[in-house]
1. Would you pick out the residues in the range 1-28 that are over 15 Å from PRO168 (Cβ atoms), part of a helix (DSSP H, G or I) and in contact (Cβ under 8 Å) with a residue 60 or more places away in the chain?
2. Might you check whether a residue that is farther than 25 Å from THR59 by Cα and either at pLDDT 95 or above or open to solvent by 40 Å² or more (accessible area, probe 1.4 Å) (or both) occurs anywhere in the range 127-150?
3. Part of a helix (DSSP H, G or I), hydrophobic (A, V, I, L, M, F, W, C), in contact with a Ser or Thr (Cβ under 7 Å, 6 or more places away or on another chain) and open to solvent by less than 40 Å² (accessible area, probe 1.4 Å) - does that describe any residue in the range 88-100?
4. Looking at the range 39-62, I want the residues that are under 14 Å from PRO150 (Cα atoms) and have a partner that is open to solvent by less than 50 Å² (accessible area, probe 1.4 Å) and among the β-branched types (Val, Ile, Thr) with Cβ atoms under 9 Å, at least 6 apart or on another chain. Which pairs are those?
5. Counting only residues that are open to solvent by less than 90 Å² (accessible area, probe 1.4 Å) and of a type in the set (A, V, I, L, M, F, W, C), which one in the range 115-126 is nearest to ARG81 (Cα to Cα)?
6. Just one of (1) surrounded by fewer than 18 Cβ atoms within 10 Å (Cβ to Cβ); (2) touching a Phe, Trp or Tyr at 6+ places or on another chain (Cβ under 8 Å); (3) not basic (Lys, Arg) trips up SER180, so point out which.
7. Can you tell me which residues in the range 183-200 are part of a loop (DSSP other than H, G, I, E, B), open to solvent by 50 Å² or more (accessible area, probe 1.4 Å) and either under 18 Å from GLN18 (Cβ atoms) or modelled with pLDDT under 90 (or both)?
Amino acid sequence: MNRDQLISTYQQQLARIQGNRMYSDHAKKVLSAQAYKKAQEGLETLRQAELDSLARQRTQLQRRMFGTTSTVSDPSAVVSRRDAADRAAKLDDPREAATALQRAERDGDTVLAQAIAARASEWGWTDVLDTYAADRPGFVRDVEEWNALPDADDIAWKLGHTAQFIAPTPPGFDGTHLASIDWYAQQNLDSDEPVTPVVPSIFGGEAA
């Protein structure tokens with residue numbers, strides 16, 4: 001079930017609860033709160049799944065662009081990549097990096113060339129990256145795919161993405177602190193009409 005289907009199912013459930021004349025106002029609040037909690041849990045699962053998928057895509061692209069996609073753990077290859085990464089990490093000037101990349105390409109040292117390209121990507125040395133990408137159409141496609149992905153670390157994107165996975169507040173709870181919904185969701189329908197729940201106040205202490 002995707003996000004739209006989950007919210008639609010939730011809203012239909014709320015409509016049935018509110019339209020049932022057999023339920024007291026208290027029962028409607030309890031059932032609506034429980035429906036909200038269940039829907040919100042489902043939405044949070046979907047939200048996290050999207051974030052996990054995005055992270056996997058980025059990891060796979062990074063490996064294709066700057067590392068290895070092989071699942072074979074060749075000790076010599078691991079040492080070679082580590083050595084290349086250490087050498088590239090010492091580069092702190094784009095001209096020096098460009099010279100090192102030319103030397104690596106000339107010597108056929110693809111592992112070092114990848115490490116230098118990764119360093120250039122970290123520091124924004126576009127000329128070095130352009131040189132590396134010149135004869136690598138696959139790398140260019142990967143970069144385009146990478147740039148098309150949202151930045152999960154961007155605050156504005158985070159807020160917008162999170163907002164898409166918040167269930168609408170049930171009827172009778174508009175403007176209510178979420179602790180009130182949590183409280184009602186834990187109530188037993190067989191109990192008598194409860195007293196007004198105590199919820200945390202934004203000013204400290206408790207508020208009715």
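1. ASP25, HIS26, ALA27, LYS28
2. Taking the range 127-150 as the starting set, the residues that turn out to be farther than 25 Å from THR59 by Cα are none.
Within the range 127-150, not a single residue is farther than 25 Å from THR59 by Cα and either at pLDDT 95 or above or open to solvent by 40 Å² or more (accessible area, probe 1.4 Å) (or both).
3. Restricting attention to the range 88-100, the residues satisfying the condition of being part of a helix (DSSP H, G or I) are 88-89, 94-100.
From the residues that got through so far, the ones that are hydrophobic (A, V, I, L, M, F, W, C) too are 88-89, 97-98, 100.
Filter once more, so that each one left must be in contact with a Ser or Thr (Cβ under 7 Å, 6 or more places away or on another chain): 98.
Restricting the remaining residues to those that are open to solvent by less than 40 Å² (accessible area, probe 1.4 Å) gives 98.
Checked against the condition, which is being part of a helix (DSSP H, G or I), hydrophobic (A, V, I, L, M, F, W, C), in contact with a Ser or Thr (Cβ under 7 Å, 6 or more places away or on another chain) and open to solvent by less than 40 Å² (accessible area, probe 1.4 Å), the range 88-100 yields at least one hit.
4. LEU61/VAL143
5. The selected residue is ALA115.
6. Failing condition for SER180: (1).
7. ASN188, LEU189, ASP190, SER191, ASP192, GLU193, VAL195, THR196, VAL198, listed by residue number.
Here's the yes/no breakdown for (1) surrounded by fewer than 13 Cβ atoms within 10 Å (Cβ to Cβ); (2) modelled with pLDDT of 85 or more; (3) of a type in the set (Gly, Ala, Ser); (4) part of a helix (DSSP H, G or I):
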site: ALA49; (1), (2), (3), (4): yes, yes, yes, yes
site: SER53; (1), (2), (3), (4): yes, yes, yes, yes
site: ARG56; (1), (2), (3), (4): yes, yes, no, yes
site: ARG63; (1), (2), (3), (4): no, yes, no, yes
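The values are calculated or read from the model by the stated rules, or taken from the named source; none is laboratory data. Quantities reported herein were computed from a predicted structural model and do not represent experimental measurements. Heads up, the Cβs are rebuilt from the backbone with ideal geometry, glycines too, and the neighbour counts pull from every protein chain shown. These area figures cover heavy atoms from the full protein model, side chains too; ligands, DNA and RNA do not enter into them. Shrake-Rupley method; radii C 1.70, N 1.55, O 1.52, S 1.80 Å.
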